[in-house]
Amino acid sequence: MNVYEGSLVATGLRFAVVVARFNSLVTEQLLAGAVDALRRHGADEAAIDVYRCPGTFELPALLKRAAASGRYDGVLALGAVIRGGTPHFEYVAAEATKGVGVVSLEAGCAIAMGILTCDTMEQALERAGVKAGNKGAEAAVAAIEQANVFKAAAGAVRPGKRSE
Ligand code: INI
């Protein structure tokens, strides 16, 4: 049996973190959590690039460009969509999650989604490092694992082609 899986070691890997400015009280905490996790898992500070876009709606388009640059092993999308009194929340959240999914399938590198969709600012802050973890950090760890399993899968030996 051959099992291919990714380690959580980020040493030698390059990352882009794409972060929305909208609800920056929350998204800056997601960014801090993501960068902290990447560094604690071994990524070099110089190997982390940060890109900012206006809102979560704009995340997928910038994510796509960062991924297509070929410079990164993993690219993270960080945003916070918080329900207001209008249906705008639904449209932004739906387009962003769909867009990140499309980019993920087309990209040649690992894509991780750290987009909060919450009813209240309080819920969002809780998920940005206050008392329910930090979804930016979780996205970073997912990106590391996925980038490493991509490498493992790329190096997989075809059946019948074993060298020993
Ligand atoms: N952008 C967010 O990142 N979060 C939100 O909660 C949000 N809401 O609810 O309006 C939001 N809107 C802005 C949107 O992402 C675009 O930047 C804007 O529509 C311009 O294209």
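Rule-based calculations on the coordinates, nothing more; no lab input. Please read all numbers here as calculations on a predicted model, not as lab measurements. We place every Cβ from the backbone using ideal geometry, glycine too, and count neighbours over all the protein chains shown.
Placing unit charges on each Cβ (+1 for Lys and Arg, -1 for Asp and Glu) gives segment 46-123 a dipole about its Cα centre, and among CYS118, CYS53, ALA96 the Cα reaching farthest toward its positive end belongs to CYS53.
Expressed to the nearest 5 percent, the antiparallel share of DSSP beta bridges inside segment 46-134 is 10 percent.
Residues whose amide H falls under 5 Å from that of ARG52, counting only those 5 or more places apart or on a different chain, are VAL19, with hydrogens built in the peptide plane. Less than 5 angstrom separates the built amide H of VAL75 from those of ALA16, ALA110, ILE111, ALA112, all sequence-distant by 5 or more or on a different chain.
Charges were assigned to the Cβ only: +1 to each Lys and Arg, -1 to each Asp and Glu. The resulting dipole of segment 80-164 about its Cα centre is roughly 420 debye. Rounded to whole numbers, the Karplus 3J(HN,Hα) couplings from phi for segment 134-146 are 9, 5, x, 5, 5, 5, 4, 5, 4, 5, 4, 4, 5 Hz, using 6.51 cos²θ - 1.76 cosθ + 1.60 with θ = phi - 60°, and x at Gly and Pro.
Taking every DSSP beta bridge with both residues inside segment 10-164, roughly what % is antiparallel (nearest 5)? Provide the component values of the computation, followed by the final result.
Numbers: 1 of 21 bridges.
Given both bridge residues lie in segment 10-164, the antiparallel proportion sits at roughly 5 percent.
The stretch between ALA94 and ALA132 holds 11.4 nm of extra length on full extension. This uses 0.36 nm per residue minus the Cα-Cα distance.
Rounded, prolate or oblate: which fits segment 32-138 when a ≥ b ≥ c are the square roots of the eigenvalues of the alpha-carbon gyration tensor, with rounded for a/c under 1.5 and prolate only if a/b beats b/c?
Oblate, since a/c reaches 1.5 and b/c is not below a/b.
Here's the list of aspartates and glutamates a cross-link from LYS98 could span, going by alpha-carbon distance under 19 Å and ignoring same-chain residues fewer than 8 apart: GLU58, GLU90, GLU106. Can you figure out the FRET efficiency of VAL9 with ALA61, using R₀ = 25 Å and their beta-carbon distance, to the nearest 0.05? It comes out at approximately 0.25.
Restricting the GluC sites (Glu not before Pro) of segment 2-101 to loop positions (DSSP other than H, G, I, E, B) with no more than 11 neighbouring Cβ atoms within 10 Å leaves GLU5. Footprinting exposure proxy ranking of HIS41, HIS88, fewest other C-beta atoms within 10 angstrom first, gives HIS88, HIS41. Taking a straight line from the alpha carbon of LYS131, these aspartates and glutamates sit under 13 Å away, with near neighbours fewer than eight places off in the same chain left out: GLU122.
Sorted fewest first by neighbouring Cβ atoms within 10 angstrom, TYR51, TYR4 come out as TYR4, TYR51. Counting other C-beta atoms within 10 Å, and keeping those with at most 11, which DSSP coil trypsin sites (Lys or Arg not before Pro) do you find in segment 105-142? The qualifying sites are LYS131. Listed by Cβ neighbour count within 10 Å, with the fewest neighbours leading, TYR72, TYR91 appear as TYR91, TYR72.
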